[in-house]
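Here is the structure we will look at, set down as structure tokens.
No lab work stands behind these numbers, since they all come straight from the coordinates. Quick caveat: nothing in here was measured; it's all calculated off a predicted structure. In this analysis, Cβ positions are derived from the backbone assuming ideal geometry, glycine residues included, and neighbour counts consider all displayed protein chains.
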Amino acid sequence: MFVSRLYINNYRSIEHLDLRFAKGKNVIIGRNNCGKSNIIKALHIVLGETSPTYHKSENITTGDFHSWKEKQGEEVVSRTADELFIWCELTREQGEPLDYDELYKCFGFSVAGDKYKDRMRFRASILPDNYGDIFDLTEDTVEWRHYINPKLRHQGTFETWLDDKYSFAFAFKATRDKNDQIEKDIRFLFRESTKHDWLLGFKASIRTELLQSAIIPSFRDPQSQLRLSSWTWYGKLMQHLTAGHMRSPELQTALNSVK
């Protein structure tokens, strides 16, 4: 799985940007202060270790809303956007398995539907440009919703909904009011391929099980940068590398030497 698209509106220095990525290494080149770091930070807000909507996180502050200057009569005034939006799209390759052992550890989520069409779909052509359409709906206001329950693994709940899906997206929106109070919201979308329309899911509980970003700075603090836990990028990497080998004498010797 890889990030195939990043769409940004009104985040920091970026008024609007629509980037497409290819599988493999992608290099971003530009002059100083042109917004390269903001591209990476926008991606990391949505796919990083911490939930984008965690209310105690200061991942979004008033300074993150795009500002600009415009002429009003003879004066030049500063304006700041009241809303920012980030869309991260992921592509799963044909034949690439999903890690259901990890997915079933997550909380479930509801999928938007209605009483007649069963699964409500959103036209691919309107997203992410008309992202307001998906945020206008909530779990309380949607006509009908289907809860995907991870406790029903014996029924293959996640497999039924995700086995044939190869395109995923996370839509993140932040708004600020006149008192600079910030509200954050996120939606999870998935579909069979780029030729199909989107299914809408509320919340994004399986976000880092599909793909997790990591910003790796100059290596100075191993205690914080290489944290071995089930949610950090490094912990997940080490779990992957040691899967099935924890009883290996060689690995145990190495772990004991580290201790």
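In whole Hz, with x marking every Gly and Pro, tabulate ³J(HN,Hα) for segment 215-225 from phi via Karplus 6.51 cos²θ - 1.76 cosθ + 1.60, θ = phi - 60°.
9, 9, x, 4, 7, 10, 10, x, 4, 9, 7
Using a 7 Å offset from the Cα along the Cα-to-Cβ direction at both L19 and E159, what is the distance between the two label points in nm, to one decimal?
Inter-label distance under the simple model: 3.7 nm.
For the residue pair T61 and D197, what label-to-label distance in nm results when each label sits 7 Å from Cα along the Cα-to-beta-carbon direction?
My value for the distance between the label points is 4.2 nm.
Helix-derived [θ] at 222 nm for the chain: sum -39500 (n - 2.57) over DSSP H runs of at least 4, divide by residue count, nearest 500? Mind dumping the intermediate values first?
Working: 8 runs with 54 residues, N = 259.
Value at 222 nm, helices only, nearest 500: -5000 deg cm²/dmol.
Among 230-242, 44-56, what's the highest-first ranking by average C-beta atoms within 10 angstrom per residue? Kindly include the intermediate steps, with their values, before the conclusion.
On the way: 230-242: 13.8, 44-56: 16.7.
Top to bottom by mean Cβ count within 10 Å: 44-56, 230-242.
Just subtract the alpha-carbon distance of D118 and C34 from 0.36 nm times their residue separation and send over the number in nm, one decimal.
On the way: separation 84, 0.36 × 84 = 30.24 nm, distance 4.55 nm.
That pair, D118 and C34, stretches by 25.7 nm at full extension.
Can you give the extra length, in nm with one decimal, that the chain gains between D82 and D136 once fully stretched, where that is 0.36 nm per residue apart less the Cα-Cα distance?
On the way: separation 54, 0.36 × 54 = 19.44 nm, distance 1.65 nm.
That pair, D82 and D136, stretches by 17.8 nm at full extension.
Near K36, which aspartates and glutamates are there with a Cα under 20 Å away, not counting those fewer than 8 places off in the same chain?
Excluding near neighbours in sequence, the set is E15, D18, D64, E89.
Can you compute the label reach from Y234? Point 7 Å from Cα along the Cβ direction, backbone N cut-off under 15 Å, restricted to segment 48-65.
49
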